Each structure stands twice: as C-alpha cells, then as structure tokens.
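A short write-up of the structure that comes next.
The values are calculated or read from the model by the stated rules, or taken from the named source; none is laboratory data. Nothing here was measured: the structure is a model prediction, and the numbers come from that model. Every residue, glycine among them, receives a Cβ derived from its backbone with ideal geometry; neighbour counts consider all protein chains shown.
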Amino acid sequence: MTGATAARAAVIAPATPSARFRRRGLITRLPLRSRIALTLLVLLVALVLAAPVLPIPSPFAGDLGTRLLPFLSEGHPLGTDSQGRDMLSRLLFGTRTSLIAGVMPIVIATTLGLVIGTVAGLAGRVVNTLLMRGVDIMFAFPGVLLSLLLAITLGVGLGTLILALSLVWIAPVARIAETEVSRIRDLDYVTAARSSGAGYGAILGRQIVPVILPAVLAYATSLVGANVAIAGGLGFIGLGVPSPEPELGSILQEMQVAVFSNPSLALAPVVVILALSMLFPLVGDGLREAISGRGQDS
Amino acid sequence: MDYKAITRNRFVRFVSARLVLTALTAFFVAIVVFFAIRSIPGDPALAVLGVDSTLEERNALRETMGLDAPVAVQFARWIGDALHGQFGYSYTQGRPVVDIIGPALGNTLLLGGAASALAIVLALVMGNLATTRWRPLRRVVDGVEAFFLSAPQYTVALVLLIAFAVVLPIFPAGGLVTRGDGSPADLAAHLVLPAIALALAPGAQMARSLKTSISTLQATELLPTLRARGLSPWRLSVHAHHNALPPMITVLGIQVGSMLGGALFVENIFSIPGLGALVVQSVTLRDYTLVQAVALLIALIFVVVLLAADVLNALLDPRIRVGRA
C-alpha cells in the first residue's frame, strides 16, 4: 500500500505544492461527517465564548440548599453539582478551560515537533538518529503517565498543565513530520532547488514545510481530541486546574458522587468530554482524507 | 554457510540491537522518572515530620533518607537499589514499596491480560466485518471504530458503570472479588466492565490494521488464485490473517501503553487495587517514593512489551530481521 501511495505522491504531490489547495476550497472537499463535526465545533466554541453574557448563574455561586438537583430543575436546566452550583454554567465555563487545555498544547507541540521532525528529516544520518531515537524514548512513556509525572513536578495550574501536555505531544508530531519529510526530500523538485543553489533554510521554507504542513496540521487537529481526553483525565484525578475553577475533568470527578444516586447527572460532563474528543478527530481525519485524495480528482 | 545459519545470525543481530536500544530507553526512562520526582518543590523531610519539627530532626532524617548526597549519587543509589528490587519505603503506608507494589502489579496484569484478550477478539470481529462486500455494514463498522478510537477510557468506564452496574445491575460495580467468594466466575464478572473500557481503543486500532492488511491483500491476485486451487474459505482466511499478524502485534504492543495509561483512571473508577489506582492514590497523598516506583514500573512494563512485540514480529516475519533495526 505504502509503495503505491508513495509512488503516486512522488508523481503528483510536488508538481505545484500549494496551488492544489487553492484550486477548490478545502472545506467543500471535506467528507460530510467532518463538515458536520466542524459545524458543531464552531457552534460549541461560539456558545462557550458567549457564556459570560448568557443569562445563566455564575459557575461559582453555590447553594447548599440546592445540592444535586436533577435535570430540568427550575433555573437549573442541567441540574446542580454537589455544592449546588449550576451544572449548565459549570459545563460551559469548564468547556472553555478544557478547550484551552486541549488546543494550546497541540499548537506548541506542533510547532516544536515540526522543527524537530524537519531538521531530523533533512539532516545527515547521525543527527537524524540522535533526534529520532530521542523521540523513540519519549514514546516509551505512556502519554498519560508522562503528563502525570510532569503535572506533579510542575505543580497544578492551567499554565503548567499546558506545558506538561505540550511535552507529551512533541514526539508524535516530530515522528509524523520526519516521515513526511523523508518521503519528499529526495524528489526531483527538491534536488532541482538544491542544485540551483537554494540554501538549507530556503529549501526548508519553500520546498519542504509548505508541502508537509497540511498533513501535519490535519494530524495535529486529530490530536486535539486525544489531548482533551488526557487533560480531562488529569483533571479527573485532581492534577488539572485547581478546584473552584470549572474544568470538565474535575467536574466529572465531582459528579462521581452522583453515580449511584442520580446517574444521569454524572453523565452530563461525560457527554461533553466525549463530544470534544470525538469531534476533533472527525475533522482531522476528514482533512487528511481531503488532502491525500488531492491527486485522485485531477 | 547454509541459508538457515545466515537467517539465525541475522535474527540474533536484530534481537541484540533491539536489546541495546531497550536498555538505553529503560535508562532514560529511569532518569526522567527520578528527576521529575526529585524536582517537585518542597522538602520531603518537612512533609514527613511536619512543621513542628526542628531543623536538627529534619537534617537527621534527610541524612537517613540519603537526601544529603549529590543528586548524581542519589540517582546511582536509586538505580542500584531498584535493580536489587528495593524501591524504598512508603511513608504514608509505613511499609516497603515492594510489598505494596507486588499485589497491585498482579491485579493490573490480570486486568491488562483480560483487556488484551478482549481487544484481540474485538479486532478480529471488527476487522473482518470491515472488509465484507456489503457497503452499509462496512460504514457502520467504520463509525463504531472511529467512536472506539477516540472515546476516552474513563468516559467509557463511567458509562459502562452507570449502564450495567447501576441502572441494570448485571455486573458488580467495583473491586475484584466479592467478599467470601473466590471463584473464577466471580473474578471474571468483576473484570468484564473495566476490561471492556480498556479494550475498545486497542481493539479498534488493531481492527484498522487488520482491515488495511486484508484490503491490500484483496487488491492482489493471491486470494483468487488460492481459491481457484480449491482451498476452503477457512484456509483462505488463515492465509489472509497470517499476513496481517505482524502489524497487529506491533499495534497491540503500542496500545499496551494506552491501556497502562487508561488503567490509571479505569482502576480508580472500578476500585480495582492495581498499579493505576496506586499511582493516583499516591499522587493524592503526595507519597513520592511510591509514585516514583510505580511510574518506573509502568514505564518499564511498556518498554519490555514493545521489545517483546518486535522480537515476536521478527520471529513471524523474516523480512523484518533483514531490514534495519
């Protein structure tokens, strides 16, 4: 499979690296499910951004008289948590925190991973081996465990959470970037650029990065889902954002007390985390399909 | 030299190269675990003795804990002790770490084994369904696969717990055994839900790999040729799966990492006294000796599993031995 794909990519991909993305809008080439997922994500982000001006109670205002109210209670459509705080409000503000903790580390890791991967891909054998073995070693840690170690080392807080999660995702991005670079680095158009005197930086900036960037970004988009999941998991075991601040994982952890008394209440944060961790991969995989299928319609 | 000797020679070279890399990785893993825990702010002696202690008392404890030595020496000591099976003393439980880890390790391996077995079955079923000729079925399987791949284990675990232990109380809600009932059936009933929660993602990932292998094979003339020779559908299927096996083993090896990570949450949700629950518990209690030991153990299990997967692959697929390690 890889042989055939690589051969086709070799013929088609480098001809006009960036022109083929402008030819037809990328979004219209997404599969339907990805377009739906993208729409839902945009709506969700809009809703979360609008949360401060929506007519909902504050996510911090608790009332011990209204603890663990069920769904559709008066003034609390999604009920309340164990401290009587409005669940809808906490979920909206919690989603905001979780989105930041989900997206920011991927942005940082993609930037750094792209640098490591492209340098390793273009470098000689020694540098490549050193860098990629380093990446292998980072892979030897289960991601959850590595982020857990970093989270307890750096202390809890949104900033350190983002830092810890960034370090987790550098290795996967670097590996994808390196694979993509090694697929194209010996193609004729790169050799042509090199023989006409283009320097290392020029080849990197004009021949390599623009060609591999779409694939890497599609992959990064999918990673956001997995990262939201890990961030929520860390919140779930108390290593996320400190307590009164709403965050999906810690909300889930707080609602675990309701599992036996009022299970549907505990399901609300589950649904939001599930949605976030599914929607991003749906969009990312669609992007990858749209990009890799680019040769077939010409 | 005959052909068999050459391949054997290559196999030995491949395995020894992998062994060196594994040892190197294990060493770096140890460094990361040690220094991550060491750089946690705060004074362990103060944490143990409390704020009422005097400076002399704390210094004395630091000396007995070996914290007065240079960091490199401490690291060397820690590695040396770990190689001798000594992981120090848990200050919150008042017992040697080894005594705490032993039973937890057994429980996690039990859960991981059950989850792996389930994942393999799931992969075989889904991978084969995904390559049938009936398009609607393929699409449904693809959708299910995408869901399994990206649903976080702890959400799956909570949904399963609520659905099949609370709303429909078919399975026990937590623990590994019912008090006073040590039967294997009881143990199995306790393992079902947590094992499903851990098996979905690895199963789907392996199914994807199996699907790719089978559809690649379907694009060739091999299966029609074999069919024309009169092989039964069963024999055909065996041929198709043999080719798919090595990549599936690699995927399973990698996915063991996600299972070990997921065990952190799933064991917690189902109150299973395993390594994952132990990590979370010791993190909450700030018992860093214990965190250090369990984190090292989990990472080492993963490293060894990756090694085992590569060696098994080399045994199954001669092409791997010949290529670069």
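Checked against the criterion of being farther than 30 Å from A:Ala46 by Cβ and at pLDDT below 85, the candidates A:Arg133, A:Arg125 yield just one match: A:Arg133. Conditions: (1) part of a helix (DSSP H, G or I); (2) among the hydrophobic types (A, V, I, L, M, F, W, C); (3) free of Cβ contacts under 8 Å to residues at least 40 places away in the same chain; (4) in contact with a Phe, Trp or Tyr (Cβ under 6 Å, 6 or more places away or on another chain). B:Leu193 meets all but one. Number of the miss? Condition not satisfied by B:Leu193: (3).
Taking the stretch B:92-172 and the helices (runs of 4 or more DSSP H) fully enclosed by it, the elements with 1 or more residues that are out of contact with any strand residue (DSSP E or B) (no Cβ under 9 Å at 6 or more places or on another chain), of a type in the set (Phe, Trp, Tyr) and within 12 Å of chain A (Cβ to nearest Cβ) are at B:135-150, B:153-161. Can you find a residue in the stretch B:282-289 that is at the interface with chain A (Cβ under 10 Å from one of its Cβ atoms), modelled with pLDDT under 90, in contact with a helix residue (DSSP H, G or I) (Cβ under 9 Å, 6 or more places away or on another chain) and part of a loop (DSSP other than H, G, I, E, B)? Taking every residue of the stretch B:282-289 in turn, at least one turns out to be at the interface with chain A (Cβ under 10 Å from one of its Cβ atoms), modelled with pLDDT under 90, in contact with a helix residue (DSSP H, G or I) (Cβ under 9 Å, 6 or more places away or on another chain) and part of a loop (DSSP other than H, G, I, E, B). Filtered by the rule that a residue be farther than 25 Å from A:Thr97 by Cβ, facing chain B (nearest Cβ under 9 Å) and either part of a helix (DSSP H, G or I) or within 17 Å of the chain's Cα centre (by Cα) (or both), the stretch A:139-182 gives a lone residue, A:Phe139. Need pairs with beta-carbon distance below 7 Å; first residue at pLDDT below 90 and within the stretch B:125-149, second not in a helix (DSSP H, G or I); sequence gap 6+ or separate chains. From residues that are at pLDDT below 90, the pairs are B:Arg138/B:Ala130; B:Arg138/B:Thr132; B:Asp142/B:Ala130. Give me a count of the residues in the stretch B:58-75 that are surrounded by 12 or more Cβ atoms within 10 Å (Cβ to Cβ) and either of a type in the set (A, V, I, L, M) or in contact with a Gly (Cβ under 7 Å, 6 or more places away or on another chain) (or both). The number of residues fulfilling the criteria is 7. Residue count for the stretch B:97-145 under the criterion of being surrounded by fewer than 20 Cβ atoms within 10 Å (Cβ to Cβ), of a type in the set (Asp, Glu) and within 24 Å of B:Ser209 (Cβ to Cβ): the result is 1.
The residue of the stretch B:212-236 that is surrounded by the most Cβ atoms within 10 Å (Cβ to Cβ), among those that are among the small types (Gly, Ala, Ser) and within 11 Å of B:Thr131 (Cβ to Cβ), is B:Ser213.
Scanning the stretch A:238-254 for residues that are part of a helix (DSSP H, G or I) and more than 9 Å from every other protein chain (Cβ to nearest Cβ) turns up A:Leu248, A:Ser250, A:Ile251, A:Gln253, A:Glu254.
Residues that are free of Cβ contacts under 8 Å to residues at least 40 places away in the same chain and at the interface with chain A (Cβ under 9 Å from one of its Cβ atoms) were ranked within the stretch B:269-281; the one that is surrounded by the fewest Cβ atoms within 10 Å (Cβ to Cβ) is B:Val280.
Within the stretch A:214-227, the set of residues being more than 11 Å from A:Asp285 (Cα to Cα), more than 8 Å from chain B (Cβ to nearest Cβ) and within 8 Å of the chain's Cα centre (by Cα) comprises A:Val224, A:Asn227. Within the option set A:Gly155, A:Gly197, being surrounded by fewer than 16 Cβ atoms within 10 Å (Cβ to Cβ), free of Cβ contacts under 8 Å to residues at least 40 places away in the same chain, under 30 Å from A:Ser243 (Cβ atoms) and not acidic (Asp, Glu) holds for one residue only, A:Gly155. In this structure, is A:Thr97 in contact (Cβ under 8 Å) with a residue 24 or more places away in the chain, more than 26 Å from B:Val256 (Cβ to Cβ), β-branched (Val, Ile, Thr) and crowded, with 22+ Cβ neighbours inside 10 Å? Answer is yes for this residue.
A quick yes/no check of all residues on (1) modelled with pLDDT of 90 or more; (2) under 13 Å from the mean Cα position of the chain (by Cα):
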| residue | (1), (2) |
| --- | --- |
| A:Ser73 | no, no |
| A:Pro77 | no, no |
| A:Gln83 | no, no |
| A:Asp86 | no, no |
| A:Gly94 | yes, no |
| A:Thr97 | yes, no |
| A:Ala101 | yes, yes |
| A:Ala109 | yes, yes |
| A:Gly113 | yes, no |
